[in-house]
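This report concerns only the one structure given below.
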Amino acid sequence: MRKDKVFKIILLLSGFLIVALLSGIFLSLVFSSIPSIKEFGINFLFSKDWDPVNNKFGALPFLIGTLLTSVISLLISIPFSLSISIFLSEILKNKLISNIFQTFVELIAGIPSVIVGLWGLFILAPFMRTLQLKLGIQPIGVGIFTASIILSIMIIPYSASIGKEVISMVPTEVKEGAISLGATEFETLKSVTLPFSFNGIFAGFLLSFGRAFGETMAVTMVIGNSNKIPDSIFSPGQTMASLIANEFTEATTKLYTSSLIEIGLILFIVSMLINILGRLIIRRFKF
Amino acid sequence: MENIILKIINLNAYYGNQKVLKNVDLEIYENRVTTILGPSGCGKTTLIRCINRLHELSPGARIEGQILLKGEDLYQIEPMIVRQKIGMVFQKPNPFPTMTIYDNVIAGYILSGIKLSKEEKDKIVEESLIKSGLWDEVKENLFKKGTFLSGGQQQRLCIARALAMKPEILLLDEPTSALDPVATSVIEELIIELKKSVTTVLVTHNIGQAGRVSDYTAFFYLGELVEFGKTTEMFTVPKSKKTEEYLIGKIG
Ligand SMILES: Nc1ncnc2c1ncn2[C@@H]1O[C@H](COP(=O)(O)OP(=O)(O)OP(=O)(O)O)[C@@H](O)[C@H]1O
Ligand SMILES: [Mg+2]
């Protein structure tokens, strides 16, 4: 009886701690952003000048860089993770082999991002350079597109694994209902199984989009770190996360630091929203 | 004299090494209701899944023997064609949750990409829903999702969906086991009504139901066909001791 109570209190306290931690981070981000918010107001989001020397800060290039890399990486990842999740849930009839495959897919997600970044820097970037030479583009190697490829490799395991779960949850009776009407397995997949699991698959993509949005290390290593608005998807650029990682140690003035933190605040809020939305959709799908 | 529509010859069915149907010989008569009766696990579902070739989808499943539909070997025909000719209704109502009632009825055509004109579709939907006794209840709501219906209505929607393909045989696997008594008697009346247009094979646990709706009964025990005959005769004077024991509730 007493032990039970103690246990409950510990659980309750740790629950509170998590909530306190989260709100603490959020509040300290808000407080530290105040100087920058006061100075630039809403213009912070629309100005493309990032000029520490003259104490002028605008987030537009990084908003664009973040959106570009995460959207492109999402687009690259969709066909792959969709095929992987269909393959694992519907084509591989053998549960054991399917689970082994899934473990491999999830192991990819466990690779430290600095290692993925290294691979991107030493293997992918030179390859991109050759490609760009052939295409007659300025051969830089690193840049928005290279970062997007790296990101897509990092997020495919997430959406593929969620996709596999939700596709496996489609009841056998419903699928057999389609087969019993003379549908082929492909027709069943296309018109019954995938529509049934659409929301869950969508949520999986949303969550992986959230990952791409905030991923820092690997992106910082291959994006080229240019604070200008990229003029093509092959140009070097900067995301919100890579900017913070790159410049935090250099931020000497109060306004500079505050501007970086405001970017962190934006990143925090957007990532939170994406995550909450994704989770809500998945929850609704399960019940 | 009855017309044989389906002839099952020396059928064995397996899951891996487990033999669940043993040397089954059975004839199904046209425009009659035939009940497959027997205790749980005796192979009733397996038998009807052999008839529309769903059995072969289970891992490790295979069959030996022959099933002839109007003299034609089912296992020499494309399975998709077989399943369009032999409709099935499952134990648990399984309308397609992402489709409207209207689309559920013509789902067989939609899934296989068979193009129909608007008039043809409307006609099939109305006819099938009338046949399954659902028309009056849903005609105002044809474009709502089928999952809003009650369990009994969902099951009749599934019957309509099967009838829409104009099948020669309708397989019903314990269609009322998930339903309340009122919904059950509606479906039982429907089965009797449907005899005019389709041959029905009904799997049931419910001896009363077999007595009320079926013309013929096949009694199975441990994967073997024990007895086949007119339902009225079998229920009054069963030939086999096993059948008698089952009918008076000693086994099963
Ligand atoms: N997918 C499967 N894989 C392996 N064995 C199976 C499978 N489906 C059924 N069986 C086995 O085959 C036998 C016959 O099963 P079947 O479902 O045909 O029985 P049933 O008469 O329909 O029973 P019930 O009245 O409970 O529905 C059972 O012993 C069952 O365990
Ligand atoms: Mg059964």
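A short reminder: the numbers here are calculations on the coordinates, not readings from a lab. Note that the structure is predicted; figures quoted are calculated from it, not measured. Cβ sites come from the backbone with ideal geometry, for glycine too, and all protein chains shown count toward neighbours.
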Can you name the number of the only condition in (1) under 20 Å from the mean Cα position of the chain (by Cα); (2) within 13 Å of ligand 1 (Cβ to nearest atom) that B:Q66 fails? (2)
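Looking at the structure I just gave you, is A:S23 free of Cβ contacts under 8 Å to residues at least 40 places away in the same chain and polar (S, T, N, Q)? Steps first, please.
Values: free of Cβ contacts under 8 Å to residues at least 40 places away in the same chain: yes; polar (S, T, N, Q): yes.
Yes, satisfied.
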Only listed residue being within 13 Å of ligand 2 (Cβ to nearest atom) and assigned to a strand (DSSP E or B), chosen from B:I63, B:I36, B:I48: B:I36
Could you say whether any residue in the range A:136-143 is among the hydrophobic types (A, V, I, L, M, F, W, C), part of a helix (DSSP H, G or I) and surrounded by fewer than 24 Cβ atoms within 10 Å (Cβ to Cβ)? no
Complete set of residues in the range B:66-111 that are part of a helix (DSSP H, G or I), within 8 Å of chain A (Cβ to nearest Cβ) and within 15 Å of A:T188 (Cβ to Cβ): B:M80, B:R83, B:Q84, B:A107, B:G108, B:I110, B:L111
Looking for something of a type in the set (A, V, I, L, M), buried (at least 20 other Cβ atoms within 10 Å of the Cβ), in a helix (DSSP H, G or I) and in contact with a Leu (Cβ under 8 Å, 6 or more places away or on another chain) - is there at least one such residue anywhere in the range B:165-173? no
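State whether the residues of the range B:4-16 include one that is out of contact with any Ser or Thr (no Cβ under 7 Å at 6 or more places or on another chain), away from chain A (no Cβ under 11 Å), more than 11 Å from ligand 1 (Cβ to nearest atom) and over 19 Å from B:L225 (Cβ atoms). Lay out the reasoning, then the answer.
First pass over the range B:4-16, keeping only residues out of contact with any Ser or Thr (no Cβ under 7 Å at 6 or more places or on another chain): B:4, B:6-12, B:14, B:16.
With away from chain A (no Cβ under 11 Å) added as a condition, the list becomes B:4, B:6-12, B:14, B:16.
Retained after the next criterion (residues that are more than 11 Å from ligand 1 (Cβ to nearest atom)): B:4, B:6-12.
Next, from what is left, pick out any that are over 19 Å from B:L225 (Cβ atoms): none.
No, the conditions are met nowhere in the range B:4-16.
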Only unsatisfied item for B:T243, checking (1) within 16 Å of ligand 1 (Cβ to nearest atom); (2) within 19 Å of B:Y29 (Cβ to Cβ); (3) in contact with a helix residue (DSSP H, G or I) (Cβ under 8 Å, 6 or more places away or on another chain), is (2)
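Looking at B:I8, B:I77, B:I36, B:I110 in this structure, which one is more than 17 Å from the chain's Cα centre (by Cα), surrounded by 19 or more Cβ atoms within 10 Å (Cβ to Cβ) and not charged (D, E, K, R)? Don't jump to the end; show me each part of the working.
Working: B:I8 fails: more than 17 Å from the chain's Cα centre (by Cα); B:I77 fails: surrounded by 19 or more Cβ atoms within 10 Å (Cβ to Cβ); B:I36 fails: more than 17 Å from the chain's Cα centre (by Cα).
Only one candidate passes the filter, namely B:I110.
Out of the helices (runs of 4 or more DSSP H) lying entirely within the range A:180-265, which hold 3 or more residues that are away from every other protein chain (no Cβ under 14 Å)?
Working: elements: A:185-188, A:194-214, A:217-222, A:240-247.
Correct list: A:194-214, A:217-222, A:240-247.
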Does B:I124 count as within 14 Å of chain A (Cβ to nearest Cβ), outside any helix (DSSP H, G or I) and either more than 20 Å from the chain's Cα centre (by Cα) or β-branched (V, I, T) (or both)? no
Apart from one, (1) in contact (Cβ under 8 Å) with a residue 24 or more places away in the chain; (2) within 11 Å of chain A (Cβ to nearest Cβ) all hold for B:L57; the odd one out is (1)
